[in-house]
Amino acid sequence: MSMDLAHALYAKMPDVFAKARKRFGRGLTLAEKILVSHADNFDSQNWERGKAMLSLRPDRVAMQDATAQMAVLQFMQANKKKAAVPSTIHCDHLIRAEMGSQKDLLRALDENKEVYNFLASAAKKYGIGFWKPGAGIIHQVVLENYAFPGCLIIGTDSHTPNGGGLGGLAIGVGGADAGEVMAGLPWEVLHPKLIGVRLTGKLNGWASPKDVILYLCGLLTVKGGTNKIVEYFGPGAETISATGKGTICNMGAELGATTSVFPFDEKMVAYMKITDRADLAGYAQSHRDLLVADPEVAQSPEKYYDQIVEIDLSKLEPHVVGPHTPDLARPISKLKAEAQEKGYPVELKAALIGSCTNSSYEDISRSAHVAQQALKAGLKAKASFLISPGSERIYHTMKRDGFLDTFEQLGGTVLSNSCGPCIGQWKRADGIKGRADSIVSSFNRNFPGRNDGISETLSFLASPEVVTAYAITGDLGFDPVNQAVKGVDGKDFKFQPPVGEELPAKGFAKGEEGFVAPAEDGSNLTVDIPPTSERLQLLQPFPKWDGKDFEKLPLLIKTKGKTTTDHISPAGPWLKFRGHLDKISDNMFLGANNSFSSEPGKGTNVLTGESNLTIAQIARDYKAKGIGSIVVGDENYGEGSSREHAAMSPRFLNVRAVVTKSFARIHETNLKKQGILPLTFADPKDYEKIEQNDRISIVDLANLAPGKPVTVVLHKTGGDVKIQTNHSMTAQQITWFKAGSALNALN
Ligand code: MIC
Ligand code: SF4
């Protein structure tokens, strides 16, 4: 399948590259090559970075079970027979981690039966490939099977960029985007600016690919990549394995980057060969020039990239980030002092490795080497040690090569091939609400409440080999690079730097692959949604705009500080309602800090004066009274996940506009798609002017136009205050607002 896509793509690349070089008057970066070769129409398109809306034709769509539900429900509203581009669904998010792999999987099959049946039946009918629960985590399975050099993939998950490890642009989107592309429409994205990261040297000792991205998170911050593509280049790039590149690209999501990409090289060839795609590897090799930046780019990168970062891999130290945000980074050698100063508890309750970010053979073999050294010294894990393999292949290969045994001897528990603890689907046995315990993982995200559902938990992120060393000592103050531990004989023992293999010498072992192909012709098949379902609800179109200004609407919540999608629409126990908009809306803003309440997720109904209500209760009351409301937010609002529930629930409960200091990309698009006005303060200080009892008007909406500021009036007891806001809607996106949603505008 990928071979057919590569054939068609590589065949058309030379012509479009020639046109692009002529039009831009220079050579092309790799990201540009992939963008122009996927243009819906290169000639009629504006190509100004940071300004133009690109209209692209992705090669494929990938969806995971928690977001696929809304994506498929929206696709169904388009009344098409079949998905227009190759698409897959991956069942990975809904498996709860508690009792170990087999038991957890059986329980998931039982408790998510309705959802799995719905997704499987829709996949079969609409020509979509279906990966069963237990088959693996979306990004790992996409890397093993679907990503290829030069491809453009969209996925309903923010870590889709993992595919950049094989030299493609893989981009996270909301379900509406996926639904539209499956319905045959082109996909739109703001032409990203480019950050060039030049890598020199070679990683050594404890330093791993994860440390490249942890370091960058600290340097660029969680906003640093917004509407940008990170393109890696330089001699250091080809020293990193394809899966290591995947890890780096995966976590580019933590920078808010649109995506990240590495140039095609021999590491990718080796990975494609060992994952049964030797034909594709050879084909890409014979088209190498198409799959890397033009040679002149490396000679004067400053002419081609909007920003350049240099990293000497030889000097990179292992890093640890957290708690609560992935950009609080420091080299591991500095953590002890910082923990003491800030009062982070140094006792680690849990250490978790694997996930979509870090479960490659290289990761696992290096971690196992650390574990073996501890076992030799008679040590066991002091912290609870959990392993989440990324796919069936990884799991069976780990088992065959003895790594599972090693981890189990150390006291570890191997979980199912799924997201589990990474998405709050984890019951931490010793967790107590209100108590701030420290945990560490090799995952990618560490927002409050994310792993064990306890918002006080301090969650740190590091490479899997470092996390394994932490599991053994149970001590956040431990620095495996420079410090020794005591073996059972009482003697000091120092870990040797981890050694592993990039790829399994004996090839990958295979288990049950878990793939179900769709029907050739699904027109007579039905989609399985029980009418009484508590988990699934068909969507009703949102009402269209009535042509009137928003007049004197109450403020629903003014969020303070970090407001990620995990704050707006928490996951964990709420994941089970991802297909039921009404039910999931009860979680709206449960994790968010409200400027006007001491408790997260709570607020005051300004119409009745009743306080300490959940934000959803307040919004439901306003909605019942036929009144809309306004949300105000801080910086980088909507950071994190692609879940469009964070936009759909507010829309469903009648929020009309969200006014912030700035937005994260995927969430801003999700708001536009659902018909909510996303506005940003022209002067961020105006955020301070918003008070709980303000009534808010948004005026002159009939003349809403691209680039034109929007006036917001705050009606206060002392009189009116006018402030200016901006928006980034194109003419077409304004039609979505007017139609009530992008989907309404289609029909
Ligand atoms: C995440 O890592 O936050 C998730 C869970 O994978 C989300 C998707 C979701 O919320 O379902 C993401 O990254 O987009
Ligand atoms: Fe799953 Fe975590 Fe990866 Fe998201 S980041 S896809 S929840 S493993």
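Rule-based calculations on the coordinates, nothing more; no lab input. All values derive from a computational prediction rather than experimental measurement. Here the Cβ positions follow ideal geometry from the backbone for every residue, glycine too, while neighbour counts run over all protein chains shown.
Taking every residue in the stretch 565-576 that is under 22 Å from GLY603 (Cα atoms) and pairing it with any residue that is within 10 Å of ligand 1 (Cβ to nearest atom) and part of a helix (DSSP H, G or I), at least 6 positions away or on another chain, the pairs with Cβ-Cβ distances below 6 Å are THR565/ALA646; ILE568/ALA646; SER569/HIS645; SER569/ALA646; ALA571/ILE423. Among the residues of the stretch 9-51, just one is surrounded by fewer than 17 Cβ atoms within 10 Å (Cβ to Cβ), part of a helix (DSSP H, G or I) and of a type in the set (Phe, Trp, Tyr), namely PHE24. Residues in the stretch 434-456 that are in a loop (DSSP other than H, G, I, E, B) and away from ligand 2 (no atom under 16 Å from the Cβ) were compared, and the one that is surrounded by the fewest Cβ atoms within 10 Å (Cβ to Cβ) is GLY434.
When the stretch 230-255 is limited to residues that are part of a helix (DSSP H, G or I), touching a Pro at 6+ places or on another chain (Cβ under 9 Å) and hydroxyl-bearing (Ser, Thr, Tyr), the one that is surrounded by the most Cβ atoms within 10 Å (Cβ to Cβ) turns out to be THR247.
Residues checked against (1) within 16 Å of ligand 2 (Cβ to nearest atom); (2) among the small types (Gly, Ala, Ser):
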| position | (1), (2) |
| --- | --- |
| LYS558 | no, no |
| THR565 | yes, no |
| SER569 | yes, yes |
| PHE577 | no, no |
| ILE584 | no, no |
| LEU590 | no, no |
| SER597 | no, yes |
| LEU613 | no, no |
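Among the residues of the stretch 127-175, those identified as within 16 Å of ligand 1 (Cβ to nearest atom) and among the β-branched types (Val, Ile, Thr) are ILE137, ILE138, VAL141, VAL142, ILE153, ILE154, THR156, THR160, ILE171, VAL173.
Of all positions in the stretch 478-487, none carries a residue that is assigned to a strand (DSSP E or B), more than 16 Å from ligand 2 (Cβ to nearest atom) and surrounded by 22 or more Cβ atoms within 10 Å (Cβ to Cβ). In the set VAL197, VAL230, only one residue is touching a residue at least 40 places away in the same chain (Cβ under 8 Å) and β-branched (Val, Ile, Thr); that residue is VAL197.
Checking the structure you have, find out if any residue of the stretch 274-293 is surrounded by fewer than 23 Cβ atoms within 10 Å (Cβ to Cβ), without any contact (Cβ under 8 Å) to a residue 40 or more places away in the chain, closer than 30 Å to GLU48 by Cα and not hydrophobic (A, V, I, L, M, F, W, C). Yes: one or more hits.
The number of residues in the stretch 389-417 being out of contact with any Pro (no Cβ under 7 Å at 6 or more places or on another chain) and either surrounded by 24 or more Cβ atoms within 10 Å (Cβ to Cβ) or part of a loop (DSSP other than H, G, I, E, B) (or both) comes to 14. For the stretch 367-385, the set of residues classified as among the small types (Gly, Ala, Ser) and touching a helix residue (DSSP H, G or I) at 6+ places or on another chain (Cβ under 7 Å) consists of SER367, ALA368, ALA371, ALA374, ALA381, ALA383, listed by residue number. Applying the criterion of being of a type outside the set (A, V, I, L, M, F, W, C) and part of a loop (DSSP other than H, G, I, E, B) to the residues of the stretch 128-155, the residue that is nearest to the chain's Cα centre (by Cα) is TYR146. Mind checking whether some residue in the stretch 616-634 is polar (S, T, N, Q), within 13 Å of ligand 1 (Cβ to nearest atom) and in contact (Cβ under 8 Å) with a residue 24 or more places away in the chain? Checked against the condition, which is being polar (S, T, N, Q), within 13 Å of ligand 1 (Cβ to nearest atom) and in contact (Cβ under 8 Å) with a residue 24 or more places away in the chain, the stretch 616-634 yields no hits at all.
Being touching a helix residue (DSSP H, G or I) at 6+ places or on another chain (Cβ under 9 Å) and away from ligand 2 (no atom under 16 Å from the Cβ) is not true of LEU352.
If the condition is being outside any helix (DSSP H, G or I) and buried (at least 24 other Cβ atoms within 10 Å of the Cβ), then the stretch 173-188 contributes VAL173, GLY174. Considering VAL516, VAL527, the condition of being surrounded by 20 or more Cβ atoms within 10 Å (Cβ to Cβ) and either touching a helix residue (DSSP H, G or I) at 6+ places or on another chain (Cβ under 8 Å) or in contact (Cβ under 8 Å) with a residue 60 or more places away in the chain (or both) is satisfied by VAL527 alone.
Right, MET63: touching a helix residue (DSSP H, G or I) at 6+ places or on another chain (Cβ under 6 Å), assigned to a strand (DSSP E or B), in contact (Cβ under 8 Å) with a residue 12 or more places away in the chain and within 16 Å of ligand 1 (Cβ to nearest atom) or not? Yes; evaluated as a whole, the condition is true for this residue.
If you go through the stretch 146-181 and pick out every residue that is more than 21 Å from LEU671 (Cα to Cα) and more than 16 Å from ligand 2 (Cβ to nearest atom), you end up with 9.
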